[in-house]
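Let me begin by presenting the structure, written as structure tokens, before commenting on it.
The values are calculated or read from the model by the stated rules, or taken from the named source; none is laboratory data. All of these numbers come straight from a predicted model, not from anything done at the bench. In this analysis, Cβ positions are derived from the backbone assuming ideal geometry, glycine residues included, and neighbour counts consider all displayed protein chains. Calculation scope for accessible area: heavy atoms of the full protein, side chains included, ligands and nucleic acids excluded. Shrake-Rupley method; radii C 1.70, N 1.55, O 1.52, S 1.80 Å.
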Amino acid sequence: MKKVVKFGGSSLASAEQFKKVGRIIRKDESRRYVIPSAPGKRTPDDTKVTDMLYSCYSLASMGDEYEEEFEAQLAAIRDRYDAIISGLGLSVCLDDEFKAIRTNFTGKTGRDYAASRGEYLNGILLAAYLGFEFIDAAEVICFDENGNFDGDKTNQILSSRLADAENAVIPGFYGAMPDGKIRTFSRGGSDITGSIAAKAVQADMYENWTDVSGFLIADPRVVKNPKAIDVITYRELRELSYMGATVLHEDAIFPVRKEGIPINIRNTNSPEDKGTLIVEGTCRKPRFVITGIAGKKDFASITVEKAMMNSEVGFCKQVLEVFEENGISIEHMPSGIDTMTIFVHQDEFEEKEQKVIAGIHRRVEPDFLELESDLALIAVVGRGMRATRGTSGRIFSALAHANVNVKMIDQGSSELNIIIGVRNHDFDAAINAIYDIFVNTMI
């Protein structure tokens, strides 16, 4: 059995956290390939090493007059790693690495290079601590000349390299372009590296270790002590991630999904917890009708009404082109026979609202056009909804009981999710009402 295990920044923030990680890996010999993040926060008011590196690079880029501040920040970063080395009793020396970092920072090698050094250095330390081979991600994670991830080339190179490695540590978050220039994924991209490695070795499991025991049904900042999700499908996860659930980088799903490799979200600080299992499909019945609730605030809606619009070929296309021409992305688009409503991020739309309104009038000559702001979208997601009658009715009933006015409701053809639009100020009340009707009343 082969497992790829990824550890987040909080799991590797200090020597004590490293020791927890070491115990987890040594407890299961199938945990053969390890993907580390950069050191995260040790305390709530601490600073992540990645943020320290960004700041240090900015100081280096500002010229000689900031040399003293640059050296002080670089020394502070060095202190973080030296504290880990000392706490673990390692004989590792990072002098050459920090000499190269100083040279490349002052030479303005790039922000991607700067950000990647957190994972790179943590990888060196973790490999030394575990006695595993260290493989620089720049040698095996490939981006093309335009900076786009090259999945096929990466899979070929990484598969070949790991076939000869019984155990290895590969830093997360970054890779390299054909010219050797460092390129990073978006923030949180170590999750993606773990998924890529799991695909390359055809792993039986991809364990993603963080500081929470898996996914929760709802945001704990909104719902008090929400229940955990035992098993969730990739499709459900995709819907929840899109609407703001952020335990796992949403792009980490794709490499393992194609291979049928499950992901297990685990808690480094509570390794006995089973966490959440993410799978392609499952016969297991969910504990509740819904799997999860997630949402986002601060949307605006533009409702376009015109009699017989359904008979006008290309009507929707004409309207959507107005948003495209103004560089505004569309989040959701419910429609009726004579109406269509477009939901967009309010901050993107406000600057160009008059251009959009004028463009719609010129293109399709609507009978009526209405704008609304300060809206929130909430996704209620669950594979159990397909086989359960009255799900929408229960949502309406719960929201009415909580005095929440529903601005929009839309159910996808997959019957996997229901999107609800409410006012921003009703956001928390709506989520709590839905959680209560589907979870608390079923316990």
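Some notes on this structure:
- Of the residues making up segment 159-209, those that are of a type in the set (Ser, Thr, Tyr), under 18 Å from the mean Cα position of the chain (by Cα) and not in a loop (DSSP other than H, G, I, E, B) are Tyr174, Thr184, Ser190, Thr193, Ser195, Tyr206.
- Any hit, segment 385-392, residues being modelled with pLDDT of 90 or more, of a type in the set (Val, Ile, Thr) and either surrounded by 19 or more Cβ atoms within 10 Å (Cβ to Cβ) or out of contact with any helix residue (DSSP H, G or I) (no Cβ under 6 Å at 6 or more places or on another chain) (or both): no
- Any chance Ala137 is touching a Leu at 6+ places or on another chain (Cβ under 7 Å) and small (Gly, Ala, Ser): no
- For segment 332-349, filtering for residues that are among the hydrophobic types (A, V, I, L, M, F, W, C) and open to solvent by 70 Å² or more (accessible area, probe 1.4 Å) leaves 2.
- Search result, residues across segment 394-428 that are open to solvent by 20 Å² or more (accessible area, probe 1.4 Å), in a loop (DSSP other than H, G, I, E, B) and either at pLDDT 95 or above or not charged (D, E, K, R) (or both): Ala402, Asn403, Asn405, Val406, Gly412, Ser413, Ser414
- Screening Asp96 with (1) more than 24 Å from Ala252 (Cβ to Cβ); (2) out of contact with any helix residue (DSSP H, G or I) (no Cβ under 9 Å at 6 or more places or on another chain); (3) not in a helix (DSSP H, G or I) gives one miss only, at (3).
- Selection status of Ile431, open to solvent by less than 40 Å² (accessible area, probe 1.4 Å), closer than 22 Å to Leu216 by Cα and in a helix (DSSP H, G or I): yes
- Single residue of segment 354-391 satisfying the filter (in contact (Cβ under 8 Å) with a residue 60 or more places away in the chain and of a type in the set (Val, Ile, Thr)) that is farthest from Thr233 (Cα to Cα): Val364
- Residues in segment 120-144 that are open to solvent by 10 Å² or more (accessible area, probe 1.4 Å) and part of a helix (DSSP H, G or I) were compared, and the one that is nearest to Asp251 (Cα to Cα) is Ala138.
- Residue satisfying condition, being surrounded by fewer than 18 Cβ atoms within 10 Å (Cβ to Cβ), under 31 Å from the mean Cα position of the chain (by Cα) and of a type in the set (Ser, Thr, Tyr), within set Ser329, Ser311, Ser301: Ser329
- Filter pass, Ala400 being without any contact (Cβ under 8 Å) to a residue 24 or more places away in the chain and closer than 21 Å to Lys297 by Cα: yes
- Qualifying residues in segment 266-284 (those that are under 27 Å from Arg42 (Cβ atoms) and hydroxyl-bearing (Ser, Thr, Tyr)) - the one surrounded by the most Cβ atoms within 10 Å (Cβ to Cβ): Thr276
- Answer residue from segment 369-382, given it is open to solvent by 10 Å² or more (accessible area, probe 1.4 Å) and in contact with a Lys or Arg (Cβ under 8 Å, 6 or more places away or on another chain) and is farthest from Gln346 (Cα to Cα) among those: Glu372
- Yes/no for Thr103 being free of Cβ contacts under 8 Å to residues at least 12 places away in the same chain and under 24 Å from Phe70 (Cα atoms): yes
- Residues located in segment 266-286, provided they are under 21 Å from Ala218 (Cβ atoms), at pLDDT 90 or above and part of a loop (DSSP other than H, G, I, E, B): Ser270, Asp273, Lys274, Gly275
- Hey, Gly40 within 24 Å of Asn269 (Cα to Cα) and part of a helix (DSSP H, G or I) or not: no
- The requirement of being at pLDDT 95 or above, in a helix (DSSP H, G or I) and open to solvent by 60 Å² or more (accessible area, probe 1.4 Å) is satisfied by Ser86.
- Selection within segment 1-37 - open to solvent by 20 Å² or more (accessible area, probe 1.4 Å), of a type outside the set (Lys, Arg) and part of a loop (DSSP other than H, G, I, E, B): Met1, Ser14, Asp28, Glu29
- Residue selected from segment 234-265 under the condition under 18 Å from Thr291 (Cα atoms) and either open to solvent by 70 Å² or more (accessible area, probe 1.4 Å) or modelled with pLDDT of 90 or more (or both), by the criterion farthest from the chain's Cα centre (by Cα): Pro262
- Subset tally (residues that are open to solvent by less than 80 Å² (accessible area, probe 1.4 Å), in contact with a Pro (Cβ under 7 Å, 6 or more places away or on another chain) and acidic (Asp, Glu)) for segment 145-188: 0
- Residues of segment 350-368 that are open to solvent by 40 Å² or more (accessible area, probe 1.4 Å) and within 37 Å of the chain's Cα centre (by Cα): Glu350, Glu351, Lys352, Glu353, Gln354, Lys355.
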